[in-house]
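Colleague: What follows is a single structure, and I will ask about it in a moment.
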Amino acid sequence: MISLENISITFLEKILFDNLSWRIPKGSRIGLVGDNGTGKTTLFRAIIGLVQPDKGNITLPKNQQIGYLPQDLVEINSNTELIPYLKEKSGIAKLEHTLKICEEHLASLSPESSKYQATLNRYEKISNLWEMRSGYIFSIQAKKVLKGLGFQEKDFTRRCTEFSGGWKMRIVLASILLSSPDIVLLDEPTNHLDTESLEWLEGWLLNFSGTIIVISHDRYFMDKLMTQIAELAHQKLTIYQGNFSYYLKEKVKRQDLLQKQAKNQQTKIAKTEAFIERFRYKNTKAAQVQSRIKMLQKMQTIKIDKPAKKATIYFPKCPRSGNKVVEVENLSKIYNENTVFSNLNFTLHRGEKVALVGINGAGKSTLSRLISKREKTPTGTVHTGHKVNLAFFSQESSQNLNYLHSIWQEISTTSSSMTTSERRSLLGAFLFSGEDIYKSIDILSGGEKSRLALVKILMQESNFLILDEPTNHLDIITKELFQQALLKYSGTILIVSHDRFFLDNLITRVIEIRDGKIYDYPGNYSYFIEKRAQLLVEINDGDLSVKRVEQSKLKVKTLDKLRKQKEAEERNRIYRQNKDILDKLKSIEEKIKFLEKNKANIEGQLCNPIILKDSKKVQKLMIDLKKYNQELETITKTRENLILKIKEI
């Protein structure tokens, strides 16, 4: 069991934990949640001994191996090849070295000597540990884990220094999984994994019998793996016995119950105070009054957190583009004689919300840059449609910030129709509030810079968004606000993300890049997962006949036809619903013209001096004018309602 007893930690004069206690039984599966800045990462670092509490004790079980994956990018300076590096980090190389030394000692000692038996005992102990940790098949297991995390066969002989930051995080994760840990602490493990690697990790963790504690903003991941949620807020921990979805519902129930209890307590306090005030100077009631005074003094007032301000995120009204937003024809990309993809053909239409998915290295970010014209088109064409105003976000967007500016200066100098109040509100939604908006950009963390770059994208009056991993540094609340804004966005969206919950509730089409080609799926992310699984089973089955493989490939091609058919049916539905309304609208427009013509005629007569001399005539004209104005007001509202219905459809 991991035990934290009354620990307190202060960081830069901010109290993170105050007498926090937490007991974590062996085999627990816990999701650690809380707002950004509440100290989740600090709590992890305290558990593994990298941070010392100001007071309190942390007790860890003896002889337990802890694997810790930090959130920040890891630098691996070792020039060792991948498999030997993992052997060293997992401790297998050390065990093998110890076994070799024992063998040499045994060979040099006489079986009758006292040292021989002691060395033999040590050899047997190390040998048993080596076997228990599957040292004899380590290379096989290492390759299996590496493939699960997205590495290819050719990567196994590469040196660690050759990999980028995201892949180095995967190397660290692989070393943790291969070290046979008893306890695993993972801080945002999903940030650098594509969907397939993430699904493989979920499978590994589901079969893991040790203790798991995870900090993550991935709701699917937390729902699938966690059986307990620990919420860190107001320097304390609150435990919920269930997965993340249970936690969200139970938190609302507890808050409602707390409010009722607080209300009842306030009623009781008011009655008690009234009793005290009424009988304070009555001798016969003195004992009762004193009893009630003491009761109030001992009573612990139920405190209810003030509800968080409801922030909103929205996009400025965007100009309408042509129906075809982007046409990609015969697009190919080659890096260092390596074909990333070839002969890609697809079209994005106005209003579509499309997810671009694929394993890391498949070419998602490359394709995003080509479509956004951030990178020159090598072979093929990318044609942008009529009146398309494009905005592009990637993890590199933060490099375009002016590091000499404060956050507020950067936002204030950004061209946008937003008011000062709207800009402040948007910053608040992305966790920049109060005095924080005057911080210099150069002292912000990588995640904060990324969030600020995303804020600037939201301020643009665009009608086509290309977003490459926009949610990596957003907490769950901000992510949901951002998702709602994208759902209301009237333009076109192409988004690269591995956040399954975020995508599932947003997108209506998935384009997958696999083996240099694209596969088009008409539907949300769940539909894509279901269909992809079916296709992969068929394609990867070694016993499939050539005919069945061809059938599988044919099925993939028919998905695009299915999407087009679905779009055609949707257009027909909209046309049928609109036709009835348009017929009514046409009739109303004619009636409005008639009423406005008669109204103008009456107003003209009322300007005639001769008619103005006839009081009876004027009175009749005024009655008719009032009648036409009332009819126009009513029928204009009807017209507006019909126009709104057309927009909704």
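Colleague: Considering SER197, SER209, which residue is part of a helix (DSSP H, G or I) and either in contact with a helix residue (DSSP H, G or I) (Cβ under 8 Å, 6 or more places away or on another chain) or not basic (Lys, Arg) (or both)?
Modeller: The match here is SER197.
Colleague: Answer yes or no as to whether LEU146 is outside any loop (DSSP other than H, G, I, E, B) and closer than 19 Å to ARG159 by Cβ.
Modeller: Working: outside any loop (DSSP other than H, G, I, E, B): yes; closer than 19 Å to ARG159 by Cβ: yes.
Yes; evaluated as a whole, the condition is true for this residue.
Colleague: Ok, one more. Being at pLDDT 85 or above, under 19 Å from ARG509 (Cβ atoms), surrounded by 16 or more Cβ atoms within 10 Å (Cβ to Cβ) and in the same structural domain as LEU454 (by TED's automatic domain parsing): is that true of GLY363 here?
Modeller: Against the criterion (at pLDDT 85 or above, under 19 Å from ARG509 (Cβ atoms), surrounded by 16 or more Cβ atoms within 10 Å (Cβ to Cβ) and in the same structural domain as LEU454 (by TED's automatic domain parsing)), GLY363 qualifies.
Colleague: To continue, here is another question. Working carefully through the options LEU50, LEU95, LEU60, find the one that is in contact with a Phe, Trp or Tyr (Cβ under 8 Å, 6 or more places away or on another chain), of a type outside the set (Ser, Thr, Tyr) and more than 19 Å from HIS217 (Cβ to Cβ).
Modeller: Within the list LEU50, LEU95, LEU60, the selection yields LEU95.
Colleague: Could you please find all residues in the stretch 91-136 being within 30 Å of TRP167 (Cβ to Cβ) and modelled with pLDDT of 85 or more?
Modeller: GLY91, ILE92, ALA93, LYS94, LEU95, GLU96, HIS97
Colleague: Considering only residues that are of a type in the set (S, T, N, Q) and part of a helix (DSSP H, G or I), look in the stretch 21-52 and name the one that is farthest from LEU185 (Cα to Cα).
Modeller: Going through the qualifying residues, I end up with THR42.
Colleague: Further question: Six or more apart or on different chains, Cβ atoms under 6 Å: show the pairs whose first residue is in the stretch 158-175 and closer than 13 Å to SER197 by Cβ and whose second is outside any helix (DSSP H, G or I).
Modeller: Cβ pairs passing all conditions: GLY166/HIS192; MET169/VAL74; MET169/HIS192; ARG170/LEU149; LEU173/LEU69; ALA174/LEU149.
Colleague: In addition: Cβ contacts < 7 Å: first residue at positive phi and at pLDDT 90 or above, restricted to the stretch 209-234; second residue assigned to a helix (DSSP H, G or I) and of a type in the set (Ser, Thr, Tyr), any location; separation 6+ or different chain. Result?
Modeller: That search, which allows pairs on different chains as well, returns nothing.
Colleague: Within the group ALA286, ALA270, which residue is modelled with pLDDT under 90 and either on the phi < 0 side of the Ramachandran plot or over 20 Å from the mean Cα position of the chain (by Cα) (or both)?
Modeller: Values: ALA270 fails: modelled with pLDDT under 90.
None of the others qualify; the one that does is ALA286.
Colleague: With the condition kept exactly as written, say whether any residue in the stretch 302-313 is β-branched (Val, Ile, Thr), modelled with pLDDT of 85 or more, under 31 Å from the mean Cα position of the chain (by Cα) and over 30 Å from GLN265 (Cβ atoms).
Modeller: no
Colleague: Just checking, does the stretch 428-437 include any residue being at pLDDT below 90, among the charged types (D, E, K, R) and either more than 22 Å from GLN484 (Cα to Cα) or not in a loop (DSSP other than H, G, I, E, B) (or both)?
Modeller: The answer is yes, given that some residue of the stretch 428-437 is at pLDDT below 90, among the charged types (D, E, K, R) and either more than 22 Å from GLN484 (Cα to Cα) or not in a loop (DSSP other than H, G, I, E, B) (or both).
Colleague: Residue under question is ASP18, and the condition is that it be surrounded by 14 or more Cβ atoms within 10 Å (Cβ to Cβ), acidic (Asp, Glu) and not in a helix (DSSP H, G or I); does it hold?
Modeller: yes
Colleague: What number of residues in the stretch 1-15 are in a loop (DSSP other than H, G, I, E, B) and more than 29 Å from GLU202 (Cα to Cα)?
Modeller: 2
The values are calculated or read from the model by the stated rules, or taken from the named source; none is laboratory data. If you're wondering where the values come from, they're calculated on a predicted model, not measured in any experiment. We place every Cβ from the backbone using ideal geometry, glycine too, and count neighbours over all the protein chains shown.
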